[in-house]
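The values are calculated or read from the model by the stated rules, or taken from the named source; none is laboratory data. Just so you know, these numbers come straight off a predicted model, no measurement behind them. Glycine also receives a Cβ, built like all others from the backbone with ideal geometry; neighbour counts cover every protein chain displayed. The area values use the complete protein model at the heavy-atom level, side chains included, leaving out ligands, DNA and RNA. Shrake-Rupley method; radii C 1.70, N 1.55, O 1.52, S 1.80 Å.
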Amino acid sequence: MDINLAEGVGIDAQSVVTGRGCAIGQSGSGKSYLAGVIAEGLCKAKMPFCVIDTEGEYGALKKVFNIIVVGGDNKDIDIGVDFHSLFEASIANDIPVVIDLSDSMDKVSVANSALEALYKTEDRERSPYLVIIEEADIFAPQIVSSRYNVVEEISVRGRKRGIGLFITTQRPAKVSKNVLAQCSYGFVGKLTIENDLNAIRVLFSDRGRLALVTRLEVGEFVPFGTAKEERFKVKSRISQHSGETPSIWNVVQKNSRKSSIIGMLMGQGTTEEKAPKSRGIQEIDALHMAFDKEAATRYAERIMKRKFIIFGDATEKIGAVELRYLPFGLCSIRIPTSRRNEYLEYACLFNRRYELTKVGERIGYLTATDAAKHPKNSYKEYLIKGGLSVDRIKAQKEEVINGRMDMKRIKNSVMKFFHSAALTDLKIIYIPIYSITLREGNRIRVFTIDGLRGKPIVT
Ligand SMILES: Nc1ncnc2c1ncn2[C@@H]1O[C@H](COP(=O)(O)OP(=O)(O)OP(=O)(O)O)[C@@H](O)[C@H]1O
Ligand SMILES: [Mg+2]
């Protein structure tokens, strides 16, 4: 799978994950932006990586992708996390990690302990994993010293263990030559300091290209060892523009897997589910739940991977079976047909991102007189038709996912999806779902099933 960097410019994700590359350029040339585009590509390709993020610039990835942020303003977990367990979980679950050092006093020692933990974990796992290091001149400086440096170690000996490296730097002249010389591909942005131009000369077989770099604009790079283009302008990032709207099921699944991992890292709920501390009761209108927690647990037992070892133990364990209520806008809409005075009625559901998630079966034709007689009944008929009913229930507050939906925004979405429709009724309802976490060592699988019929919800 290719990571797209610009129109017609791509690099192979697999080669990035296990290779050695760099982005070089003066301050503001667009290195972090480019590294961010690569990180987004890896997220899409579901390839795990970690970023040593000195400025707290990668937390925005969280808006769109399933990543764990350690430290900084966007943190999911504190910087004091046990890095060994963190990387074990990251590798086992293909979940990227951002280590935000923006508010760490001693960035070098935190980064070193993280990278040493990764190196040790990969000694055992040997699973493809990329490390992106911002401001590599800080972490792998060019000093004449025989002192052990973990970034050098990774760049020289990491490959056997499956670790790839991608560094960024403003000052290539100040980065360890051992690290720079390992880079078989990279991108050079605007650079004018003579020393730095000299330092990267070794990376270019085509010296003519090197002359270009003093004249580049922000976001423009001259590639070496990869794309054929002489230069290119890096495309826009997804996570800053939030162009992607993940589906509702995706979001549930995504967040529950992540929170299970974070719970595990914080030493909570390792095997036994802990009863949540009650934060109170919320009254909601929910679709009638036919599939209870016991049934959900039985379902979990059925899908558990059973590898019988000597004593006949199942190696996968149930981490948690959690009931959640997801809000939806249930709408009745009336669409005029080509015949005058005749309408079609539908029920449809909008998720909490105001996306249309389901259009119910057609409920029927209505004449204008019928329509006037029944100003608002179609979604109710839809529920009856589907054998569903809405109950007013008392739910635990922590079971209710992100309560509020804005009626006005639902109305706008209806108009967007069905131009000529009239919205005849609208009700916020909650659908019960179960999030099932299965755990095998540090590997976590999360399934979501609905609480109506116990059907798995496919992402
Ligand atoms: N391809 C691009 N498209 C749009 N904006 C860009 C692009 N590349 C960079 N920018 C913008 O230019 C500014 C500087 O980019 P960036 O932070 O990536 O620079 P940098 O090379 O990492 O600098 P520093 O070395 O100081 O960290 C940012 O505001 C960024 O949003
Ligand atoms: Mg930067």
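Going by average Cβ neighbours within 10 Å, how do the peptides 51-58, 14-21, 229-236 rank, with the highest at the top? Mind dumping the intermediate values first?
Values: 51-58: 22.8, 14-21: 20.6, 229-236: 16.0.
Packing order, densest peptide first, comes out as 51-58, 14-21, 229-236.
Do any trypsin sites (Lys or Arg not before Pro) in the stretch 88-146 lie in a DSSP loop with no more than 14 other beta carbon atoms within 10 Å, and if so, which? Intermediate results must be reported in sequence, preceding the final value.
Working: sites: 107, 120, 124, 126; in loops: 126.
Of the trypsin sites (Lys or Arg not before Pro), the ones in loops of the stretch 88-146 whose Cβ has at most 14 other Cβ atoms within 10 Å are 126.
Give a residue-ordered list of calculated ³J(HN,Hα) values for the stretch 69-74 (Karplus: 6.51 cos²θ - 1.76 cosθ + 1.60, θ = phi - 60°; whole Hz; x for Gly, Pro).
Values per residue, Gly and Pro as x: 9, 10, x, x, 5, 9 Hz.
Checking the a/c ratio against 1.5 first, then a/b against b/c, what shape does the Cα gyration tensor give for the stretch 333-377? Each step should come with its number before you reach the end.
On the way: a/c = 2.83, a/b = 2.13, b/c = 1.33.
Prolate, since a/c reaches 1.5 and a/b exceeds b/c.
Charges at C-beta only: +1 for Lys and Arg, -1 for Asp and Glu. How large is the resulting dipole of the chain about its Cα centre, in Debye rounded to 20? Working shown, then result.
On the way: 68 positive and 56 negative charges, 252 e Å.
So the dipole magnitude of the chain works out to roughly 1220 debye.
Mind scanning 397/455; 44/228; 63/190 and naming the pairs with a C-alpha gap bigger than 26 Å? Before the final figure, lay out each step's value.
On the way: 397/455 24 Å; 44/228 24 Å; 63/190 30 Å.
Pairs exceeding the cut-off: 63/190.
May I ask for the net charge around residue 363, where only other residues with Cβ less than 11 Å from the Cβ of residue 363 are counted and Lys, Arg are +1 while Asp, Glu are -1? The partial results should precede the final answer.
Details: positive: 334, 362, 380, 385; negative: 345, 361, 381.
Charge balance near residue 363 sits at +1.
Once amide H atoms are placed 1.01 Å from N in the peptide plane, what residues at a sequence separation of 5 or more from residue 426, or on another chain, have their amide H within under 5 Å of its amide H?
332
Using the Karplus equation 6.51 cos²θ - 1.76 cosθ + 1.60 (θ = phi - 60°), what ³J(HN,Hα) coupling, rounded to whole Hz, does each residue of the stretch 318-335 give in order, writing x for Gly and Pro?
Listing the rounded values in order: 7, x, 6, 10, 10, 8, 9, 10, 9, x, 9, x, 9, 10, 9, 10, 10, 10 Hz.
Using the Karplus curve 6.51 cos²θ - 1.76 cosθ + 1.60 with θ = phi - 60°, what ³J(HN,Hα) values do you get for each residue of the stretch 384-389, in whole Hz, with x for Gly and Pro?
After applying 6.51 cos²θ - 1.76 cosθ + 1.60, I find 4, 4, x, x, 10, 9 Hz.
Would you mind calculating the gained length between residue 335 and residue 82 on full extension (0.36 nm times residue separation, minus the Cα-Cα distance), in nm to one decimal? Numbers along the way, then the final one.
Details: separation 253, 0.36 × 253 = 91.08 nm, distance 5.74 nm.
Extra length from residue 335 to residue 82 when fully extended: 85.3 nm.
With a point put 7 Å past each Cα toward its Cβ, work out how far residue 417 is from residue 369 in nm, to one decimal.
About 3.3 nm separates the two model spin labels.
Determine the per residue accessible area of the chain with all protein chains present and a 1.4 angstrom probe, expressed in square angstrom. Don't skip to the answer; put the middle values down first.
On the way: 21930 Å² over 459 residues.
Normalised by residue count, the accessible surface of the chain is 48 Å².
In what sequence, highest mean first, do 108-117, 289-298 appear when ranked by Cβ atoms within 10 angstrom?
108-117, 289-298
Taking amide H atoms as placed 1.01 Å from N in the peptide plane, list the residues 5 or more away in sequence, or in a different chain, whose amide H sits under 5 Å from that of residue 6.
Here the answer is 235, since their amide H atoms fall under 5 Å of that of residue 6.
The stretch 139-189: which chymotrypsin sites (Phe, Trp or Tyr not before Pro) are DSSP loop and have at most 14 other beta-carbon atoms within 10 angstrom?
Working: sites: 139, 148, 166, 185, 187; in loops: 148.
Taking the stretch 139-189 and a limit of 14 other Cβ atoms within 10 Å, the loop chymotrypsin sites (Phe, Trp or Tyr not before Pro) found are 148.
How large is the direction-averaged shadow of the alpha-carbon convex hull of the stretch 2-241, in nm²? Could you put the intermediate results ahead of the total?
Working: hull surface 47.3 nm².
Mean shadow area of the hull around the Cα atoms is 11.8 nm².
Which entries of 258/317; 31/120; 358/411 show an alpha-carbon separation above 23 angstrom in the structure shown? Kindly include the intermediate steps, with their values, before the conclusion.
On the way: 258/317 17 Å; 31/120 29 Å; 358/411 15 Å.
Pairs exceeding 23 Å: 31/120.
Divide by every residue of the chain the summed helix terms, -39500 (n - 2.57) for each DSSP H run of at least 4, and state the resulting mean residue ellipticity at 222 nm, rounded to the nearest 500 deg cm²/dmol. Present the calculation step by step, with values, prior to reporting the outcome.
Working: 15 runs with 135 residues, N = 459.
It comes out at -8500 deg cm²/dmol, rounded to the nearest 500.
When all protein chains stay in place, what accessible area (Å², nearest 10, 1.4 Å probe) is found for residue 400?
The value for residue 400 is about 20 Å².
Carbon and sulfur together cover what percent of the accessible area of the chain at a 1.4 Å probe radius? Present the calculation step by step, with values, prior to reporting the outcome.
On the way: 10710 of 21930 Å².
Carbon with sulfur: 49 percent of the solvent-accessible area.
Which of the lysines could a cross-linker bridge to residue 408, judged by Cα under 17 Å and excluding same-chain residues fewer than eight apart?
Those lysines meeting the cut-off are 416, 427.
Loop-only check: which trypsin sites (Lys or Arg not before Pro) in the stretch 133-181 are DSSP coil with at most 14 other Cβ within 10 angstrom? Intermediate values should be presented prior to the final figure.
Working: sites: 147, 157, 159, 160, 161, 174, 177; in loops: 147.
Of the trypsin sites (Lys or Arg not before Pro), the ones in loops of the stretch 133-181 whose Cβ has at most 14 other Cβ atoms within 10 Å are 147.
If you count the DSSP beta bridges with both ends in the chain, what percent of them are antiparallel, to the nearest 5?
Details: 58 of 86 bridges.
Within the chain, antiparallel bridges account for around 65 percent of the total.
Hey, can you rank 78-88, 325-335 by average C-beta count inside 10 Å, highest first?
Numbers: 78-88: 17.8, 325-335: 22.9.
Ranked from most to least packed, the peptides come out as 325-335, 78-88.
Give me the percent of DSSP beta bridges within the stretch 1-154 that run antiparallel, rounded to the nearest 5.
25 percent
Residue 342's amide H: which non-local residues (gap 5+, or another chain) put their own amide H closer than 5 Å, with H modeled 1.01 Å from N in plane and none for Pro or chain starts?
337
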